[in-house]
Amino acid sequence: PVTNNENHDSFLEAPKSVQSVNANKKSNASGKTVKFVIISGMRTRTLLQRIPFLPSADAYCCEGGGQIFYQIPVGKPKNCETTSIIDDSGEEADVENKTMGTALPEIYESRNEEGAVQGHFRLQEDMEWRKIMGHVSAAGPDGYDGIVDIQKRDGLLWSFARKLVKMGWVIDYSGYGTCFRVHRGKQLHKAKQSKEIFDVELPNLKPAGLACSTNLGCVDFYPDRSGKKNCCEFVAAKFGAESLSESCVCLCDDDNDLEMAGACRRAFIPSVASESMSDAINKSPDRLILTCNTNITETDATDAALRMVLDLCTLSST
């Protein structure tokens, strides 16, 4: 399954399923292993800070699909002050392969349904995807540490960002390497906050090679090879899925999830966050399924929807 998590502080109060996802990640009716993926618009540094509060996933995707990290199980730390890893034989664990870079140094705990620690893992970036995103026709190679000024960043994305700044737009790029965000409420000129200019004219300024999505008064710009749907297709193929429409379901709720939701076999919606999402559900009630009711809200609604996703995947024969 593919699930979505936006950059909301409320998610720090993790749903009950955080501790039960591992227990439910089992083979489905055909014997195939169910893979669990989180994709979010949050910055990479925010993702790394929130890993302990998120459901345990096989892959974590951030910046709206711009970066992909896989969970790499490792042995216990040699001691609490080092990031060196040893496997069960006492040898240094191999945490590299041809398509992924060196594992990040942070060590995280994986827990079972009762909350007890059952292992440790690191995150390892998909360097094949980074090569695609880091091309000069996309986001370029310079923004991955999140601190290089956009005036010094190569790539189509940042060339466009500089153009917007010259036009008087206020953009948010701090901590982003493969996308940037424009907030309606942070624009200094009132005219740029108008619906016609912000919702229509601003997206139309993007050049060929870039894409954008809107959500909660923001417009995110990114390479057209990125985005949640494209990222999900790439990760699904890595895990051996035939296609999103045949093998994947998702949990989502916002406007910037619609393309991904429409591509998946089925989408579960714990709450309706916009009129466009409501319209999409009404048009495709068999594929976009609203799971919330008046008695289940917030993280409980997310938990209930997540359990439905897991149940569908484990019962499915594909």
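Rundown of residues vs (1) open to solvent by 40 Å² or more (accessible area, probe 1.4 Å); (2) of a type in the set (S, T, N, Q), yes/no style:
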| position | (1), (2) |
| --- | --- |
| 196 | yes, no |
| 202 | no, no |
| 213 | no, yes |
| 221 | no, no |
| 226 | no, yes |
| 258 | yes, no |
| 265 | yes, no |
| 268 | no, no |
*Determine, yes or no, whether residue 162 is touching a helix residue (DSSP H, G or I) at 6+ places or on another chain (Cβ under 7 Å), basic (Lys, Arg) and either closer than 22 Å to residue 230 by Cα or at pLDDT 95 or above (or both).*
yes
Condition set open to solvent by 60 Å² or more (accessible area, probe 1.4 Å) and of a type in the set (A, V, I, L, M, F, W, C), scope the range 130-159, selection modelled with the lowest pLDDT: answer is 147
Checked against (1) surrounded by fewer than 17 Cβ atoms within 10 Å (Cβ to Cβ); (2) without any contact (Cβ under 8 Å) to a residue 24 or more places away in the chain, residue 118 satisfies every condition except (2)
Apart from one, (1) in a loop (DSSP other than H, G, I, E, B); (2) open to solvent by 50 Å² or more (accessible area, probe 1.4 Å) all hold for residue 175; the odd one out is (2)
Reported set for the range 42-53 where residues are open to solvent by 10 Å² or more (accessible area, probe 1.4 Å) and assigned to a loop (DSSP other than H, G, I, E, B) is 43
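The values are calculated or read from the model by the stated rules, or taken from the named source; none is laboratory data. The model shown is predicted, which means the values in this text are computed figures rather than measured ones. FYI the Cβ positions are ideal-geometry reconstructions off the backbone, even for glycines, and counts take in every protein chain you see. Surface areas here come from the heavy atoms of the whole protein model, side chains and all, with no ligands, DNA or RNA. Shrake-Rupley method; radii C 1.70, N 1.55, O 1.52, S 1.80 Å.
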